[in-house]
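Report on one structure; see the data block that follows.
The values are calculated or read from the model by the stated rules, or taken from the named source; none is laboratory data. As the structure is a prediction and not an experimental result, all values here were calculated from the model. Positions of Cβ are backbone-derived with ideal geometry, glycine not excepted, and every protein chain shown enters the neighbour counts. These area figures cover heavy atoms from the full protein model, side chains too; ligands, DNA and RNA do not enter into them. Shrake-Rupley method; radii C 1.70, N 1.55, O 1.52, S 1.80 Å.
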Amino acid sequence: MYEAKKLHHRNIHPFPSSIDANHFGKVRLAPPRPADIAHITLQRLGFFGVIDERMDLDFVETMARAMPEWNFVMIGPVVKIDRESLPQLPNIHWIGGRDYSLLPDYVASWDVGIMPFALNESTRFISPTKTPEFLAAACPVVSTPITDVVSPYGIMGLVEIASTAEEAIVCLERLMQKNQLRWLKAVDAHLDGNSWDRTCAQMNAYISAPLNESRCEVFADKMIGASRV
């Protein structure tokens, strides 16, 4: 959205998605696996979020068919699309929405997080909050090429980018061979200090600056007027 609007005004500032790092950092403490997915065997790919027209269901189905040994744990309410349109395979588990407070417990059971967004008008300007959330949870990620994911996460090598399901499978194999300690160190360095409180403070500073300038101008005008009396 910033790229689309930045030429319309000189005072426009981008704010990428922020993160409650402490909340998703609980994953690193190895919380117990939720009982409702205990039956799902290892090698899990996971997603949480609203399941709607922004998800590329063909992408998910193609991956699931090509990798029957992997389980896809899909968390989130189904809205704006027919639930019957969801691909039904033994290794795809549509488990519905879960409370925000419980999400770290689910992410802790995943091997890799996936963000299979479709590339359409609904995703043209999105900046998925789950990108830094997955990363804060030390969960490797494969995503379709959403602009705000490619830059900076893909460019920095923090997230694997795949345009097709076939590319995603190659990315998944590459993730299995990646030096996880080096990757996690780079993730933590990038996310350091990124919080909703910090973002709010930065926004407030930008909003307050012209207001303060206006107050100073009004005060100066009053002082000049008074000196003339």
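Of all the residues that make up the stretch 131-184, how many are in a strand (DSSP E or B) and either closer than 23 Å to D105 by Cβ or of a type in the set (G, A, S) (or both)? So the answer is 3.
Which of the residues belonging to the stretch 94-123 are more than 20 Å from A136 (Cα to Cα) and either open to solvent by 60 Å² or more (accessible area, probe 1.4 Å) or among the small types (G, A, S) (or both)? If the condition is that a residue be more than 20 Å from A136 (Cα to Cα) and either open to solvent by 60 Å² or more (accessible area, probe 1.4 Å) or among the small types (G, A, S) (or both), then G96, G97, A118, L119, E121, S122 are the ones that fit.
Looking at E3, is it part of a helix (DSSP H, G or I), at pLDDT below 95, open to solvent by 70 Å² or more (accessible area, probe 1.4 Å) and not basic (K, R)? So E3 passes the test. Comparison of V187, V149, V170 shows that the only residue that is open to solvent by less than 50 Å² (accessible area, probe 1.4 Å), within 26 Å of D58 (Cα to Cα), at pLDDT 80 or above and of a type in the set (V, I, T) is V149.
Does L184 fit the bill of being within 20 Å of G25 (Cα to Cα) and aliphatic (A, V, I, L, M)? When the stated conditions are applied, L184 passes them. Just one residue in the set A30, A64 is surrounded by fewer than 12 Cβ atoms within 10 Å (Cβ to Cβ) and in contact (Cβ under 8 Å) with a residue 12 or more places away in the chain; that residue is A30. Just one of (1) without any contact (Cβ under 8 Å) to a residue 24 or more places away in the chain; (2) open to solvent by less than 30 Å² (accessible area, probe 1.4 Å) fails for E133. It is (1).
Criterion first (closer than 27 Å to R198 by Cβ, open to solvent by 50 Å² or more (accessible area, probe 1.4 Å) and either out of contact with any Leu (no Cβ under 7 Å at 6 or more places or on another chain) or modelled with pLDDT of 95 or more (or both)) does H39 satisfy it? Here the answer is no, as H39 does not meet what is asked. Take the conditions (1) at pLDDT 90 or above; (2) surrounded by 10 or more Cβ atoms within 10 Å (Cβ to Cβ); N179 misses just one of them, which is (2). Screening G96 with (1) on the phi > 0 side of the Ramachandran plot; (2) within 11 Å of the chain's Cα centre (by Cα) gives one miss only, at (2). Scan the stretch 69-93 for residues that are crowded, with 17+ Cβ neighbours inside 10 Å and either among the small types (G, A, S) or within 19 Å of A38 (Cβ to Cβ) (or both) and the total you get is 10.
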